[in-house]
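Reviewing the structure listed below.
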Amino acid sequence: MDKKNEIKKENNMKLNKQMNSKKNMKNKKSSKIKWIMLSLVSILYITLFFFNKSKTIEAFNYSINLFLSIIPVLFIVLIIMFLFNLINEEKFKKMVENSSRHTQYIVMTILGTLSHGPIYAWYPLMKDLKNKGITDGSISSFLYSRGIKLTFLPALVIYFGLKYTIILTSYMFLFSYLLGVVIDFINPKKAVK
């Protein structure tokens with residue numbers, strides 16, 4: 001039994017090392033791409049400046065105003081993300097495990113909305129919660145509500161307006177909850193405890 005646990009731990013460590021090395025390579029590529037994009041946009045602005053100064057200045061001012069209008073909302077999003085990182089995972093697991101199904105749907109929908117990063121990083125936590133008694137519906141609520149991206153809300157408000165953003169986000173939140181109810185209605189099996 002101990003040997004199986006040791007082998008399992010070794011395999012998990014190897015998998016984590018592989019994922020970390022892939023992540024580091026991806027971060028390096030992403031960093032290069034960011035600098036390339038910044039350079040290309042700068043070159044484009046400089047080139048266009050020589051052809052049509054007034055339009056280029058107008059476009060640059062529009063970009064600056066857009067950036068300045070996004071800053072307050074980004075600040076709020078950063079605060080929410082910071083607070084989310086302060087959540088104690090063990091206490092959270094115990095709270096969710098001991099709550100009713102409808103509370104689980106609501107909590108998992110809220111957490112799905114607040115979650116960020118690649119979705120595959122959340123799969124181990126979802127599997128662990130399922131093994132501890134969380135239903136498939138609650139996990140579905142979490143995964144569906146990840147479609148609400150707090151980091152993109154400022155852009156959504158700027159491009160589509162506040163009313164549209166509120167309606168879309170509210171519907172996505174509501175349907176995340178309802179999806180959990182429907183999944184558990186269709187597949188009433190409880191998760192293995």
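The residue that is farthest from F173 (Cα to Cα), among those in the stretch 97-128 that are crowded, with 16+ Cβ neighbours inside 10 Å and touching a residue at least 40 places away in the same chain (Cβ under 8 Å), is Q104.
The conditions of being in contact (Cβ under 8 Å) with a residue 24 or more places away in the chain and either β-branched (V, I, T) or on the phi < 0 side of the Ramachandran plot (or both) are met by T135.
Identify, from the list I186, I148, I158, the residue that is touching a Ser or Thr at 6+ places or on another chain (Cβ under 8 Å), at negative phi and surrounded by fewer than 15 Cβ atoms within 10 Å (Cβ to Cβ). Lay out the reasoning, then the answer.
Details: I186 fails: touching a Ser or Thr at 6+ places or on another chain (Cβ under 8 Å); I148 fails: surrounded by fewer than 15 Cβ atoms within 10 Å (Cβ to Cβ).
So the residue among I186, I148, I158 that is touching a Ser or Thr at 6+ places or on another chain (Cβ under 8 Å), at negative phi and surrounded by fewer than 15 Cβ atoms within 10 Å (Cβ to Cβ) is I158.
Restricted to the stretch 44-87, and to residues that are surrounded by 10 or more Cβ atoms within 10 Å (Cβ to Cβ) and not in a helix (DSSP H, G or I), which residue is modelled with the highest pLDDT? That would be N52. Could you list, in sequence order, the residues of the stretch 123-142 that are of a type in the set (A, V, I, L, M) and touching a Phe, Trp or Tyr at 6+ places or on another chain (Cβ under 8 Å)? M126, the sole residue that qualifies. Taking into account only those residues within the stretch 129-145 that are within 20 Å of the chain's Cα centre (by Cα) and among the small types (G, A, S), which is surrounded by the fewest Cβ atoms within 10 Å (Cβ to Cβ)? Among residues in the stretch 129-145 that are within 20 Å of the chain's Cα centre (by Cα) and among the small types (G, A, S), the one surrounded by the fewest Cβ atoms within 10 Å (Cβ to Cβ) is S140.
The values are calculated or read from the model by the stated rules, or taken from the named source; none is laboratory data. Here the structure is a predicted model, which is why all the values come from computation and not from measurement. Here the Cβ is made from the backbone with ideal geometry for all residues, glycine too, and neighbour counts use every protein chain on show.
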